[in-house]
Each structure stands twice: as structure tokens, then as C-alpha cells.
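Each remark here refers to the structure printed beneath this line.
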Amino acid sequence: MNRVSSLLVSGIVTALKSGLRTDRPLSALPLLQRRRPPPPWHFDPLSALLGAMAAFFVAALTYRYRARLRARWQAIRAGVERIRARLASSLEDRYRAQVATAADALHLLARFAPLTALYVPPPLIAPPTSPARLLTEEEGPTGEAARDRRRLQTLLAEPRTLDLSSALRQYPRLAILGPLGAGKTTLLAYLALTFARREATDNLGLDEDCLPILLSLPDLDLGAEEDGRVRKKKKRDREIRPIVGSLATQYRGLGSRAIGGLVRQQLRNGGCCVLCDGLDDLDEMADEARQQAEAWLDELVQAYPDNRFVVVATPRSYDRLMAAGFVCFTLGKFTTAEAKVFARRWRTTLAETPESEGKETGKSAIPPPTPWLPRRGNIRPLDLALRAAMWMEHRAIPAGQAPLLAQAFDYELKQMDDIPLSPDQWRAALGSLALTLRREDRRTATREEVETLIRQAFLAEEAEESGAVEKGKSQPAGTDEENVPVGSDGSEEGEEASDAQVDEPPADEQEVDEKERKRREKELARQEKIKERERRKREKEAEKQRKREEQQREKREREAAKRAQKALASLLRDTTLLVERDRDRLAFASPALRTYLVAWQLAQAEEDSLLAAHARDPRWQEVLTLYAVLAPITSLVVARMQGKDDLFHSDLLAVAEYISIASQSEGRPPRNLRDGILSELAKVMMRPGQPLALRRAAAQALV
């Protein structure tokens, strides 16, 4: 090694010496040499002349063939535009197909027939004409008596109804109001399906081909805008970004950028119909979320006023919509004639169902009878659809909304391939989830939260089964006493032995030597050691048993967690009880079933404090109406009647409605409670000076 190093050093020294002897010093180290600076720039007339001649030649050729170049450029642009239009058309067709598929699955009877075959538009009740308008009319009599007569006729006239086609033709901005079960979501689904299939001309009489944008307001990401230059850059499209994000999540496979371009172009051209659902769910959430959604909707309408907008809401949440220029209509109940139209379509559709689809629903293609039709009076579209479906399943119709919703819940569970839990266990798990969401003003739950509730149901079921097995293996109480040895006189031998140890021999016989005493002490010490050894052994066995039980408990929890994941996957795949909003968020698909589950869980929990806290909350009235059927209403009546009533006797009328609903169920209210409320209603109706509307409401409650 030393020899190699010395040779290497000697070679380097020789090279340096040879470089120093030459005329070019340090030629052996080229990196250390000095580089020459580049020569200065000088104008070259010849090069400039050649460049000018080339530029003149190119300009002359361009001018000479300018027509051909322009034509070729236009042809290239036209080809690019055709390719772009073809791609956009393909994207729009795929988007419309996905919207149609999603909308057709939104209605309650999607398992039986498509929406367009069954849908009957409910009547739209127009807002009443203001009497102030009649007082300023120039036509007709102008006296005070004539004005009062016209005003009274207006107030007492029947509400003016309008069909859906006429309302859409007259008003580009519609707000459809209605309570739970009025068919608001189904109406939006029908409009989305009609526009997606380009059937607006045939079904609605509209000479336009709108692009439907079906949105759920609670699912929109309406977060705070960015600050600085990012906010200024995105300010132009801040109304569209929530739409693009929601559509990209709903219709995967199209791409957010492609959907954004399509929606942006159609909105700017005025070719969209924006259908907004979920404003009712925002009523149950924080006020900030609702105000943010309303502000965004107002900005969207103002930014793109040439498009159609249809929003559904409850009758208590439309003030901001009227300020934004929406015309409000109320969804009415189905009359007997409209119910018969639905029944005829139901019979016709099921009669035309192919044999394969009839096997899937478990029914034949024979048109079913229609004893589920109400004989008189109006009915909600939700109740009518549930009655038709439940008659197909049970050939019987329960009385009341709560039993009808209970049967619908059980029917959804029967669609699962494997039902790991009983309907009551599913009802308890999902009811606890629904009540938690309602109390916390939330609409969605995490997947882990739902799996935890299902896992607890599995663990409770296993605990009940193991407890029943242990109870069957246990012996009766008298068997242990029979095995206790007894003495000849009937007393136990243990007691006799203890007595023998306690009794001392007479004094004359008490002669024990020292050896006997030591022997006894050794015997006692030996017994103490044996007892200590047995105690330690028992402690070790107890510790092993505790660890064994801990391992078994962890194993049961792991198995229950796996079963819960499998059960939730089956629930999402086979039923429409829960739907996925994204990978980690789940929500109830049907607001009616969610409300029923909240009422059922509230009836099981018997929380009077919760009733007292929400007795006057308008957002909880639908829950309390179902609660009046499922549980005794005494606590509900007491909670509602606490405090002072308003001038319109809202508490009294609400309590009368609860009593009327409870009287039709199995658990009838106490007679003294019912008689007291009815007497108060009679006083209100007979009291002079009461408004006509209040007397009419009191009379309806008495009937």
C-alpha cells in the first residue's frame, strides 16, 4: 500500500514539473488556466442585409398567399371547434344520463316502477290576492260597501290552484312550499328527469332544452372565500365553484374540470334549470349555515338571472326567497280525483311489468286491486304512495302515519340479502343515530359513528344470548343445600366441629405437654401456609380468567366490528335508508323515515326534559305529531301547556291535534285530559269577537 501511494505522488510531481518547464505554464491543470474574454460585438452590415432580405421575402409570400392562409387557418379553427363541440356534446349527454339515473332513483316507489310512469303532479296553490290591490282598482263600483264586499269575497274565496306546467311557463323563479310528505323532493326529481331526457316540450309544454342541475343545499361546500389575490382571481366564479364540487362528487367519472366548463358555459348562456333541495334540512342546522346558503343562492340568482330556478322549502322558510324574486306556491294534498289517477297509473304500470321485474318485486304481473285508496277527503302524496306499496306487501293498510312508516321501514330491511339484526334492533340503532343528529342540529353522520351503533347492537345481542345460556346451565337454589353434610341430629357437621373446638375439656383433664402444644403450632403454621398458597393460586387463576375474559371481549369486539362493517355495506347496497354523501359521511335518504325514527327513539327514551325543551319548536312539530301515536301524550301535553299561550291559541290547537291523533291509536289519552282540552276549545269557539280563522280551526279540532 505504501509503495502504491509513493508511486502516485511521484507521478503527480513529475507531471507538475514537466508542465512548468514548457512555454504554457500549468498546462497539466487546465481548470486553473485563465479563460480569454469573448470578443466585443460589432455591427455586421452583410448579416443585417441578409436578414432584411429574408424578412421581406417572407412578408411578400404571406401577402401573396394571404387568402389561402386565412382559409387554411379558418379550416383549422373550424376543425378544432368541431372536436371541442363533439367532446362537449358527449360530456353533456353523459351528464344528462347520470342525472336521469340519479333522479329516477329518488322517488319512494323506485323498486316498483319508473318515476315518469307513476308521477302525478300535485296541485300548486297560489298565494291569495292581497285585498289592498282590490281597493285601488278602477274597475267596478267604488263605494265603501263594494270595497268591503270584494275584500270579503277575496278572503273567503277558495284558493286558486295552478298546474305545474303553467307555473313554469309564467314564472322562471319558483319556490315550492310544503310540509313533510307533500312531494317536494319527488317534484324536483321529476323536473330533473324531464329536462335530462329533453322531454320538457312533451311533458311540461316548455319550448326550451334546459340543462338540469339538481343540488342539495346542505351538501354544498360554501366555506369562507380565500383572501388576497386568490380571492380576487376566483371572485368571478365563486357562485359556480360549490356547484362544480357537488356535481363532481355526485357524478364521478366526468371530471370536475369538464363539469365546470359545461356548467359555466350553460349558466352564462341561460340554458340551465337549477333545482335546489335541502332547505328544510338547513332549518334543522345552525342559523349561520342557513344564512350562508341563502346568501349564496341570492348571489347565484343575481349573477345568472336568465336561468330557471326552482327551490323547495317548508312554509316557514321562504321570506328570503321572496326577497330574491321567487314566486311562492304551496303543494296541496291529493284530491280523490288525483288519487284515482295515481291508482290507474299504478295498476297499468304493474300490469305492464315484465316477468323478470315481477319476480324481483315478488309479485305477479296481475293488476293489483286498489282498496288502499281513501274513500273521501284529501291525502298526502307520501301516504298514498306508502299505502300502495304496503298493500302490495301485506295486503293490509294500518291506520295512522306512524304504523305506515314502521311498515315501510321493515319493508326496506327485507330487501337485504342477509339481515343480521332484527327490525327492532335496527330501529334502535338507527333511531339513536337519528335522535343524535336532530339534537345536535346535524344532517350527516360519520361512517365510524354508524358502525359504532351497529357494533353495540351486535354486542348487546351476544350478551343476551350468553346470559340466557348461563341461566339455563345454572342449578336451582335447593340443589346446593342438599349436598351439605349434616350430623346425626340434623345439624351441619361444620357447626358441630366448630362447637367441638370451642368447648374446652374440664379443668382436671386439661393436661397438655409442651410437645403437643408445639405440634399444634406447627400444624397451624402448616395450615396457614397451605391457605396462603391456595390464596395465591386463586389470585393467579383469577388473573388468568380476567385476561382470558379480556381477550374474549376484544375478540368479540373485533368480530362485532367486522359484522358491523358488513351489515352497513349491505344496508347501503340493498336499502334506501342511508345514502353516502362522500366516503366518510352518511345521511338518511328519506326525511319521513328519519322523522319517524326520531319519534320512535324519543318514545323509547321517555325524556321529558327533551319534550319540554322542544315542545314549542316548529322544527320538532312533525316529530311530536308522530310521538303522539307512539307514546302516552300526558307529558307532551304538560310540556306544551306550560307558560302563557299566544293570542292565536297555538298551544291549545296543537294539544288538540295531539289528542286527536292519539285517540286514533291504541294508547288513548286520559279521558279527563281530553275533556279538559275540548272544553277549552269550545270556549274559544263560542267566545264573541274571535277571528273567523281561529273559530274555524277550533271547530276542526273539536270535530
Among (1) assigned to a helix (DSSP H, G or I); (2) modelled with pLDDT of 55 or more, the one test that E495 misses = (2)
Index of the failed condition, V637 passing every other in (1) more than 19 Å from A457 (Cα to Cα); (2) in contact with a Lys or Arg (Cβ under 8 Å, 6 or more places away or on another chain) | (2)
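For R674, are the conditions met, namely being modelled with pLDDT under 70 and charged (D, E, K, R)? Steps first, answer last, please.
Numbers: modelled with pLDDT under 70: no; charged (D, E, K, R): yes.
No: the conditions fail for R674.
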Scanning region 576-622 residue by residue, those under 20 Å from G278 (Cα atoms), of a type in the set (D, E) and surrounded by fewer than 20 Cβ atoms within 10 Å (Cβ to Cβ) turn out to be E580, D582, D584, D617
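When you scan region 348-371, do you find a residue that is within 24 Å of T194 (Cα to Cα), assigned to a helix (DSSP H, G or I), modelled with pLDDT of 75 or more and in contact with a helix residue (DSSP H, G or I) (Cβ under 7 Å, 6 or more places away or on another chain), even just one?
Yes, region 348-371 contains a residue that is within 24 Å of T194 (Cα to Cα), assigned to a helix (DSSP H, G or I), modelled with pLDDT of 75 or more and in contact with a helix residue (DSSP H, G or I) (Cβ under 7 Å, 6 or more places away or on another chain).
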Using beta carbons and a limit of 6 Å, which pairs, at least six apart or on different chains, have the first residue in region 294-311 and under 14 Å from L174 (Cα atoms) and modelled with pLDDT of 90 or more and the second one among the small types (G, A, S) and part of a strand (DSSP E or B)?
-> V311/A175
Any residue in region 603-619 that's over 19 Å from D441 (Cα atoms): show its pairings with residues that are not in a helix (DSSP H, G or I) at Cβ separation under 8 Å, as long as the two are six or more apart or on different chains.
-> A603/A631; E606/A631
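Which is at pLDDT 90 or above and under 52 Å from the mean Cα position of the chain (by Cα), of K540, K566, K547, K555?
When all the criteria are applied, what remains is K566.
Yes or no, residue by residue, for (1) farther than 17 Å from I213 by Cβ; (2) touching a Cys at 6+ places or on another chain (Cβ under 6 Å); (3) surrounded by fewer than 19 Cβ atoms within 10 Å (Cβ to Cβ):
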| residue | (1), (2), (3) |
| --- | --- |
| Y304 | no, no, no |
| V311 | no, yes, no |
| P315 | yes, no, yes |
| C328 | yes, no, no |
| V341 | yes, no, yes |
How many residues are over 17 Å from D584 (Cβ atoms) and assigned to a helix (DSSP H, G or I) when one looks only at region 437-454?
-> 2
Please specify each residue of region 659-669 satisfying the condition of being at pLDDT below 75 and either touching a Ser or Thr at 6+ places or on another chain (Cβ under 8 Å) or charged (D, E, K, R) (or both).
-> E666, R668, P669
Looking at M392, is it of a type in the set (A, V, I, L, M, F, W, C), in a helix (DSSP H, G or I) and at pLDDT below 90?
-> yes
W600 vs. criteria assigned to a helix (DSSP H, G or I), under 21 Å from R443 (Cα atoms) and touching a His at 6+ places or on another chain (Cβ under 6 Å) | no
Please specify each residue of region 564-597 satisfying the condition of being assigned to a helix (DSSP H, G or I), touching a residue at least 24 places away in the same chain (Cβ under 8 Å) and among the aliphatic types (A, V, I, L, M).
-> A564, A567, L568, L571, A592, L593, L597
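Here is a yes/no grid of residues against (1) within 30 Å of A102 (Cβ to Cβ); (2) within 22 Å of the chain's Cα centre (by Cα):
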{"position": "Q551", "(1), (2)": "no, no"}
{"position": "A561", "(1), (2)": "no, no"}
{"position": "R573", "(1), (2)": "yes, yes"}
{"position": "A599", "(1), (2)": "yes, yes"}
{"position": "W620", "(1), (2)": "no, yes"}
{"position": "A628", "(1), (2)": "no, no"}
Close pairs (8 angstrom Cβ cut-off, 6 or more residues apart or separate chains): in contact (Cβ under 8 Å) with a residue 60 or more places away in the chain in region 192-218, of a type in the set (S, T, N, Q) and assigned to a loop (DSSP other than H, G, I, E, B) anywhere | C210/N307
Can you tell me which of D608, D651, D574 is within 30 Å of D104 (Cβ to Cβ) and among the acidic types (D, E)?
-> D574
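The values are calculated or read from the model by the stated rules, or taken from the named source; none is laboratory data. All figures in this text were calculated on a predicted structure; none of them were measured in a lab. With ideal geometry, Cβ positions are generated from the backbone for all residues, glycine too; neighbour counts draw on all protein chains shown.
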